[in-house]
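Have a look at the structure below, then the notes.
The values are calculated or read from the model by the stated rules, or taken from the named source; none is laboratory data. Owing to the predicted nature of the structure, the values given are computational and were not obtained by experimental measurement. Glycine gets a Cβ as well: all are built from the backbone with ideal geometry, and neighbour counts include every protein chain shown. Ligands, DNA and RNA are excluded from the accessible area calculation, which covers all protein heavy atoms including side chains. Shrake-Rupley method; radii C 1.70, N 1.55, O 1.52, S 1.80 Å.
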Amino acid sequence: MTAAALIVIDMINTYEHDDAQLLLPSAEAALPALLQLIEGAREHGVPVIYANDNFGEWRSHHGEILQTALEGPHADLVRPLAPDEKSLFVVKARHSIFYETPLSYLLAQQDIDHVVLCGQVTEQCVLYSALDAHIRHLRVTVPYDAVAHIHRDLADAALRMMERNMGAKVVAADDVDFGACRG
């Protein structure tokens, strides 16, 4: 049996950036599957780790990032999936959740060898994070209905690349069994 973690990528967001209007419909569509995954992980004691952009605010911490998003125009997308008191939070500055963050160390400390990646953006941060997980010899699952995209064609290609080139398991959120993912 392997130990897994659910990693929620960049969903604590104000959506005040380039391409936000293209991203919003997909983020809204992914929200029910994201909530299902978060609830399922919490129910089975699987760690939920939020890996989130700091939006260039180098003095901010996860509480400030969350508060800013909750005060923003799209708080309705953030509020339902906000971290709880047991959630872990890694602040990132670039596309990959691993780049210059303590995530590798955190996963090793918890003996996690399987990451379930959800969030946004499929063809950017999710793709680069899946690659970085793969090169770290982690098993990767990407629920295709729990990731949001800017460009559908690029997202479809990214999902195919994750599956073919990185050995990622690309499945529906309904097919993620957190009961079988505990260490």
In deg cm²/dmol and to the nearest 500, what is the mean residue ellipticity at 222 nm of the chain if only DSSP H runs of at least 4 residues count, each as -39500 (n - 2.57), divided by the residue total? -11500 deg cm²/dmol
Leading residue at positive end of dipole, segment 23-124 (Cβ point charges), from 63, 73, 37: 63
Where does the Debye-calculated log10 I(q)/I(0) of segment 61-124 sit at q = 0.20, 0.26, 0.28 Å⁻¹, using only Cα point scatterers of equal weight, no solvent? -1.04, -1.38, -1.39
The answer for segment 45-173, accessible area per residue at 1.4 Å probe in Å², is 51
In the chain, helical segments from DSSP H whose Cα atoms cover 27 Å or more along their own axis and that average at least 0.0 on the Kyte-Doolittle scale are 20-43
Quick one: if you stick a label point 7 Å off each Cα along the C-beta vector at residue 165 and residue 152, how many nm between them? 2.3
Fluctuation leader among 50, 128, 99 - the chain, Gaussian network, Cα springs under 10 angstrom: 99
What is the ratio of the Cα radius of gyration of the chain to 2.2 N^0.38 Å, with N the residue count, to two decimals? 0.93
Amide hydrogen neighbours beyond the local backbone of residue 90, cut-off 5 Å, H modeled: 50, 51, 52
Using only Cα atoms, locate the centre of segment 63-131 and the centre of segment 20-56, then give the distance between them in Å, rounded to an integer. 8
Rounded to whole Å, √(5λ) for the Cα gyration tensor eigenvalues of segment 90-175, largest first, gives 20, 14, 11
Sorting 90, 121, 159 by the position of each Cα along the dipole of segment 75-183 (Lys, Arg +1; Asp, Glu -1; all at Cβ), the one nearest the positive end of that ordering is 90
For the chain, with all protein chains present and a 1.4 Å probe, just round the carbon and sulfur fraction of the accessible area to a whole percent. 49
